[in-house]
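See structure below.
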Amino acid sequence: MIRAVLILGVGATLLYLWDGAERGHGSRGGTALGLTFGGGALAIMLFCAALSLKRRVPHWRIGRAQAWLRGHVWFGLLSVLLVGLHSAFLAGGALTFTLWLLLLTVTISGLLGVLLQQFIPRLLLHAVPGETLAQQLDRQLTNLRKLAEQIVTEATGTVEPTGVGHTTTMVRELAAAAYAPPAAGEVNPPAPTPVAPEALRRFHHDYLVPFFRGTSAAPLLSRRRSDSLFAALRTMTSPEQHPFIDELATLCERRRQLLRQRRLMRILFAWLIVHVPLSWGLLALSILHAVSALRYGGDA
Amino acid sequence: MRDIWPLSERFDLPYIRRRHFPDTWTGRLSLVAVGAALAFVGYTVFSGDDRAFSSGTLTRAHAMFADDCQQCHQPDEAQAGFWLPPRDSACLRCHVATLHDPHQSLFRGEPMLVSNRTEPIEMSGDCSVCHVEHRGPDVRLTNVPDLLCIGCHKDLASRGRQFVPPPHAAPSGTTGGAP
């Protein structure tokens, strides 16, 4: 496909140079060759738009998706050359200038998309080992929240803390104490005293709930802080509760991964917000340009 | 790690029927983009301002027609009124363009009355083939590339014609004499 596009591109450029030399004026959009270039570019734009339609109807079995995507990229690039040859690389009037702006924006955003598609999936492979379908992310995040509640209920009987007071401060102090460097002359710092299952319920209320609800400043969003807080929680709970706490720590890590995937997916697809709408605008204006150019005598 | 049970609750099964990011955005913005294009068409059609469709700036000599396309682009009687090609008659309203040569076979136009003449004179036609407009304000339409002349005037000797050099300067782009 790349070879075919290269041959077409070189052939079109040679024809353009030959036609320009023959005419003396240089080639123009209204000549037979210029109209061929313009028609070719419009046909390629229609083909590129067909990819969007094909994605909406995935059961259409017309060629492989990879071939469609390659054709979209390579023939899309060829269309820029054909438009350049059609217009003799001149901006022209307001409509043709707008068309140039749209074409360049669509092309640059498309190339950015190609670059991101090369880079981000590889990053996802390493950064998110438990990657899921992008469309399932919300459901999986909800599942994790339900699982966390289920685990806390199993471990403590209820998720609601029974006591009152600022256990958040207590947990933080305990975490700080657990990881504080030993004082001079002290070999082993004293272990914090384990407290009742209330600590797990408090931890759920103070840390897990904001984290699973998506609060932006939740401390468990940071892996380092999460490790520190779970280590402190272990020191405050009985060994029978540690398997539950390990499960909770795993859930938190899984949620962090899925959040990372969502961020990367947004970057991966954000360029489409520019590329797709402007492509449809470009196509609509190109058809309008074709009609108006033919209307005014094919000398556009 | 344990998982949600039952299995049917684990996944969002009808997800394929719903629109997700970025389709939720691209769909709406595409409608806006196409709507903007159609609004542009509507504006130009209803306002009668066709300047946006110009393929480039006119020469200084024709700059006064820049906002009045139909001075040059006039309906073709032979076709529907929608088509507005540049008409020779529009050029001949201001310019006298008699035949270049009585024997020429190309670019022959319709006879027309010229001031101070009683008989219609045959005019040259298809002016815009050689004199291409919309190429910028500084382009001189009279500067026709020699290559266009060579298209008809090459190899005159073999056609039994004798070239008589014009009394004025050599054609542009040549060092002297005839092409």
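The values are calculated or read from the model by the stated rules, or taken from the named source; none is laboratory data. The structure displayed is predicted, hence computed values, not measured ones. Every residue, glycine as well, gets a Cβ built from its backbone with ideal geometry; the counts of neighbours run over all protein chains shown.
Condition first: crowded, with 17+ Cβ neighbours inside 10 Å, under 25 Å from residue B:34 (Cα atoms) and of a type outside the set (Gly, Ala, Ser). Now tell me which residues in segment A:248-272 satisfy that.
A:268, A:269, A:271, A:272
Show me the helices (runs of 4 or more DSSP H) entirely contained within segment A:194-296 in which 2 or more residues are facing chain B (nearest Cβ under 9 Å) and at pLDDT below 90. Steps first, answer last, please.
Details: elements: A:198-203, A:209-213, A:223-236, A:242-295.
Fully inside segment A:194-296 and qualifying: A:242-295.
Taking residue A:139 as the residue in question, decide whether it is closer than 30 Å to residue B:2 by Cβ, modelled with pLDDT of 85 or more and surrounded by 13 or more Cβ atoms within 10 Å (Cβ to Cβ).
Numbers: closer than 30 Å to residue B:2 by Cβ: yes; modelled with pLDDT of 85 or more: yes; surrounded by 13 or more Cβ atoms within 10 Å (Cβ to Cβ): yes.
So residue A:139 fits the description; yes.
How many residues does segment A:1-55 contain that are among the polar types (S, T, N, Q) and at pLDDT below 90?
Applying the first criterion (among the polar types (S, T, N, Q)) to segment A:1-55 yields A:13, A:27, A:31, A:36, A:52.
Remaining after also requiring at pLDDT below 90: A:27, A:31, A:52.
Total meeting the criteria: 3.
When residues of segment B:127-153 are filtered for being charged (D, E, K, R) and surrounded by 18 or more Cβ atoms within 10 Å (Cβ to Cβ), how many remain? Break it down stepwise before answering.
So the first thing to find is which residues in segment B:127-153 are charged (D, E, K, R), and the list is B:133, B:135, B:138, B:140, B:146.
Checking the rest, the ones that are also surrounded by 18 or more Cβ atoms within 10 Å (Cβ to Cβ) come to B:133, B:135.
Going through segment B:127-153 one residue at a time, the tally reaches 2.
When you scan segment B:16-36, do you find a residue that is exposed (fewer than 11 other Cβ atoms within 10 Å of the Cβ), free of Cβ contacts under 8 Å to residues at least 40 places away in the same chain and within 8 Å of chain A (Cβ to nearest Cβ), even just one?
Yes; the residues of segment B:16-36 include at least one that is exposed (fewer than 11 other Cβ atoms within 10 Å of the Cβ), free of Cβ contacts under 8 Å to residues at least 40 places away in the same chain and within 8 Å of chain A (Cβ to nearest Cβ).
Does at least one position in segment B:98-117 carry a residue that is in contact with a strand residue (DSSP E or B) (Cβ under 9 Å, 6 or more places away or on another chain) and either assigned to a helix (DSSP H, G or I) or charged (D, E, K, R) (or both)? Give the steps one after another, and end with the answer.
So in segment B:98-117, the residues in contact with a strand residue (DSSP E or B) (Cβ under 9 Å, 6 or more places away or on another chain) come out as B:98-100, B:102, B:104, B:107-114.
Next, only the ones that are either assigned to a helix (DSSP H, G or I) or charged (D, E, K, R) (or both) stay: B:108, B:110.
Yes, that holds for at least one residue.
Residue under question is residue B:124, and the condition is that it be closer than 23 Å to residue B:64 by Cβ, in contact with a helix residue (DSSP H, G or I) (Cβ under 9 Å, 6 or more places away or on another chain) and crowded, with 18+ Cβ neighbours inside 10 Å; does it hold?
Values: closer than 23 Å to residue B:64 by Cβ: no; in contact with a helix residue (DSSP H, G or I) (Cβ under 9 Å, 6 or more places away or on another chain): yes; crowded, with 18+ Cβ neighbours inside 10 Å: yes.
No, not satisfied.
Given (1) closer than 27 Å to residue A:100 by Cβ; (2) loosely packed, with under 14 Cβ neighbours inside 10 Å, where does residue B:73 come up short, assuming only one miss?
If we test residue B:73 against (1) closer than 27 Å to residue A:100 by Cβ; (2) loosely packed, with under 14 Cβ neighbours inside 10 Å, just (2) comes out false.
Restricting attention to segment B:95-121, report how many residues are surrounded by fewer than 12 Cβ atoms within 10 Å (Cβ to Cβ) and among the basic types (Lys, Arg).
1
Taking residue B:8 as the residue in question, decide whether it is more than 7 Å from every other protein chain (Cβ to nearest Cβ), in a helix (DSSP H, G or I) and among the small types (Gly, Ala, Ser).
Numbers: more than 7 Å from every other protein chain (Cβ to nearest Cβ): yes; in a helix (DSSP H, G or I): yes; among the small types (Gly, Ala, Ser): yes.
Against the criterion (more than 7 Å from every other protein chain (Cβ to nearest Cβ), in a helix (DSSP H, G or I) and among the small types (Gly, Ala, Ser)), residue B:8 qualifies.
Would you list the helices (runs of 4 or more DSSP H) that sit entirely within segment A:1-91 and hold 1 or more residues that are without any contact (Cβ under 8 Å) to a residue 24 or more places away in the chain and among the hydroxyl-bearing types (Ser, Thr, Tyr)?
On the way: elements: A:2-23, A:32-56, A:65-86.
By residue number, A:32-56.
Tally up the residues in segment B:107-145 that are among the small types (Gly, Ala, Ser) and over 11 Å from residue B:97 (Cβ atoms), please.
Taking segment B:107-145 as the starting set, the residues that turn out to be among the small types (Gly, Ala, Ser) are B:109, B:115, B:124-125, B:128, B:136.
Add one more test, that the residue is over 11 Å from residue B:97 (Cβ atoms), and what stays is B:115, B:128, B:136.
Residues that pass the stated criteria total 3.
Scan segment B:64-78 and report the pairs whose first residue is touching a residue at least 40 places away in the same chain (Cβ under 8 Å) and whose second residue is surrounded by 15 or more Cβ atoms within 10 Å (Cβ to Cβ), with Cβ atoms within less than 6 Å and a gap of 6+ or a chain change.
B:72/B:86; B:72/B:90
Assess whether residue A:87 counts as being under 17 Å from residue B:53 (Cα atoms) and of a type in the set (Ser, Thr, Tyr). Working first, answer last.
Values: under 17 Å from residue B:53 (Cα atoms): yes; of a type in the set (Ser, Thr, Tyr): yes.
Answer is yes for this residue.
Can you pull out every residue in segment B:46-71 that is at the interface with chain A (Cβ under 9 Å from one of its Cβ atoms) and part of a loop (DSSP other than H, G, I, E, B)? Break it down into steps so the answer makes sense when it comes.
Filtering segment B:46-71 for residues at the interface with chain A (Cβ under 9 Å from one of its Cβ atoms) gives B:50-57, B:69.
Those that are at the interface with chain A (Cβ under 9 Å from one of its Cβ atoms) and part of a loop (DSSP other than H, G, I, E, B): B:50, B:54, B:55, B:56, B:57.
Using beta carbons and a limit of 7 Å, which pairs, at least six apart or on different chains, have the first residue in segment A:137-157 and more than 10 Å from chain B (Cβ to nearest Cβ) and the second one not in a helix (DSSP H, G or I)?
Here the result reads A:149/A:159; A:152/A:159; A:153/A:159; A:155/A:197; A:156/A:197, each pair linking segment A:137-157 to a residue that is not in a helix (DSSP H, G or I).
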